[in-house]
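The values are calculated or read from the model by the stated rules, or taken from the named source; none is laboratory data. Since we're looking at a predicted model, the values are computed, not measured. For neighbour counting, all protein chains shown are included, and Cβ atoms are generated from backbone atoms with ideal geometry for every residue, glycine included. The accessibility values were calculated without ligands, DNA or RNA, using every heavy atom of the protein model including side chains. Shrake-Rupley method; radii C 1.70, N 1.55, O 1.52, S 1.80 Å.
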Amino acid sequence: TAFGVAAVHEIKIWADGRTYDLAKCHQSLYDFGYGQPDCKVYPYWEGTQPVQVGGLQAKALVLSRPAKALVLVTDFAEGGEVTLTVDTKRLGLKGSFEAKDAETGEPLPVEQGKVRFALRKHDFRMIVLE
């Protein structure tokens, strides 16, 4: 929960030896390219995200690099089924992109430019789009 709430606001919580899971979460963002010159960041508060989150009370941080994106979604209520509506043109993705969980590699269903997945109460997920 702490990582999801902080990361969606671009607040860095640094891991120490006792917080291995936190370090893995940060590593997923940096492995994607977060902080690199070609990584465009779309915070939710700017209102210009190329991915819209529907289905529950959640906020997202969208990272975009050439031909791929990472969407970090954090639930701020009771959880539920998430629908991400993806603007493939703005993200430079193919119309038939694939989605997977960044931490587990689990493929997620994509239909008509929308990705659907479950999100638990106050949890987060990082989804890679390619």
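Quick rundown of the values:
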| item | result |
| --- | --- |
| Selection from region 88-100 of residues that are modelled with pLDDT under 95 and either over 19 Å from residue 52 (Cβ atoms) or open to solvent by 60 Å² or more (accessible area, probe 1.4 Å) (or both) | 89, 90, 94, 95, 96 |
| Residue within region 29-51 that is modelled with pLDDT under 90, in a helix (DSSP H, G or I) and surrounded by 15 or more Cβ atoms within 10 Å (Cβ to Cβ) present | yes |
| Residue within region 84-93 that is closer than 16 Å to residue 8 by Cβ and in a strand (DSSP E or B) present | yes |
| Residue ID - most open to solvent (accessible area, probe 1.4 Å), chosen from residues in region 101-130 that are out of contact with any Ser or Thr (no Cβ under 8 Å at 6 or more places or on another chain), closer than 13 Å to residue 81 by Cα and in a loop (DSSP other than H, G, I, E, B) | 120 |
